[in-house]
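None of the figures in this text is laboratory data; all of them are computed from the coordinates on show. Here the structure is a predicted model, which is why all the values come from computation and not from measurement. All Cβ positions, glycine included, derive from the backbone under ideal geometry; neighbour counts span all protein chains shown.
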Amino acid sequence: MLTQRETVSYLLQRKLLGPADVVTGDLTVADISRRHHNYRITSGQGPGYVLKQGVGPDKVAAIEREAAIYQLLDSGIRGLSRYLPRLYSYDPEEHVLILELVDGAQNLREYHLHRGYFPISLARTLGSALGTLHRLTRNGKRGEKEGHQAASHPPWVLSVHRPTIKFLQGCSGANLQLIQIIQQFPVFCDLLDALREEWRTEALIHRDIKWDNCLVFGKSPSARKTRLKIVDWELASGGDPCWDVGSVFNDYLSFWLLSIPVTGEMPPDRFLELARYPLEKMQPALLAFWDTYAQQMNLDVATADRWLLRAVRYGAARLVQTAFEQMQMSMQFTGNIVCLLQLSLNILQRPEEATVQLLGIPLRGMRLP
């Protein structure tokens, strides 16, 4: 495993740094490790880098897969490169992946928290990025020969109510309670089962789309942030494009719901009016995201409605995953988590109503009763 000091020597050997970068004294190597062993390298003399190293069999395999995805997407799928950080190199012997450090970038969650609003322009850009990815890799156009569309298993959350012993062993006390709550509602289980049965492999999908994995930036570090790049592709595989779309819906919905101060002292009918980030402020961005995505995919009206409803249902399932992730380090449930589960069930039961009334997206080819 490379240390901070060894990282500089490693980059010098690969000619990604020069002696001047070291001599000037403005070179920094920061440890930003999360799931992997990561460093952020910045220098006033040239580009910055993100170095990711896999340690252990599972993480080595994940880094190897992410490198393969970057190589695939960088190998001639026109129109995608502007949405990806540049791939500088992958070292299969040291299991080191080196990517572009996007100068002055924030992830989309940080941006929304800092700004307090939800720009339509960035929502359109995200819709264009996902639409481009799915359209250019749909039905084996790219990726099938390389084997990247083989792993088409549904997301684990669609089977969360049918956990294995191994899965339960890794759950927090709060998440064991979450699973038990879902299991107490047969209709909830049936709706998740039905959604799992509808899973299909149609394109290369990111599988972990969320605001945290979307970097926004401008022409310069001080310029307005109008551009976007998607990062962390280690889970990418063949799958249902509507999962990525539903994951975006989830981020807006959970951001709204988790901004509500749910307490035992406040009557439930006042919850919505107390949201720090009201849903109606997000709806123009949601509509812009979906319309841009559907246009990029060249979906006709009937197909667009079917895809939209399936994406909304996947978004509901993704709310359960968000609740699970929120509670993984906790032993106790919160009111907001109960609200996430309730909203998920409501959407699964009435997806048409949720699409129009919650998301503010019209179903253009059908009429609601």
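Odds and ends about this structure:
- Each label point was placed 7 Å from the Cα along the Cα-to-Cβ direction; for Ile32 and Arg306 their separation is 4.2 nm.
- Kirkwood estimate for the chain, i.e. one over the average of 1/r between Cα atoms, Å: 22.0 Å
- Over the stretch 238-369 - Rg/Rh using Cα atoms and the Kirkwood inverse-distance radius: 0.99
- Mean Cα-pair separation over length for the stretch 232-319, i.e. relative contact order, pairs under 8 Å, 6 or more apart, %: 51 percent
- Highest to lowest packing among 22-30, 304-312, scored as the average C-beta count within 10 Å: 304-312, 22-30
- Helices in the chain, meaning DSSP H runs of at least 4 residues, each add -39500 (n - 2.57). Divided by all residues, the mean residue ellipticity at 222 nm is -14000 deg cm²/dmol.
- By other beta-carbon atoms within 10 Å, ranking Leu253, Leu286 with the fewest at the front produces Leu286, Leu253.
- With each label modelled as a point 7 angstrom along the Cα→C-beta vector, the Gln45-Leu113 pair spans 3.5 nm.
- The stretch 1-50, dipole about Cα centre (Lys/Arg Cβ +1, Asp/Glu Cβ -1), debye to the nearest 20: 220 debye
- Charge dipole of the chain about the Cα centre (unit charges at C-beta), most positive-ward option of Leu195, Pro278, Pro221: Pro221
- Residues Met1, Met282 arranged by fewest to most Cβ contacts within 10 Å: Met1, Met282
- Compared with the direct C-alpha span, the chain from Trp156 to Arg350 gains 67.6 nm at full extension, assuming 0.36 nm per residue.
- Ascending count of other beta-carbon atoms within 10 Å, so fewest first, for Lys225, Lys59: Lys59, Lys225
- Relative protection proxy for 355-361, 239-245, from highest mean packing down: 239-245, 355-361 (other beta-carbon atoms within 10 angstrom).
- Within the stretch 106-358: Cβ-based charge dipole about Cα centre, in debye rounded to nearest 20 (Lys, Arg +1; Asp, Glu -1): 800 debye
- Extension gain from Ala223 to Phe167, taking 0.36 nm per residue of separation minus the Cα-Cα distance: 15.6 nm
- In this structure the amide hydrogen of Ala203, modeled in the peptide plane, comes within under 5 Å of the amide hydrogens of Asn139, Gly239, none closer than 5 places in sequence on its chain.
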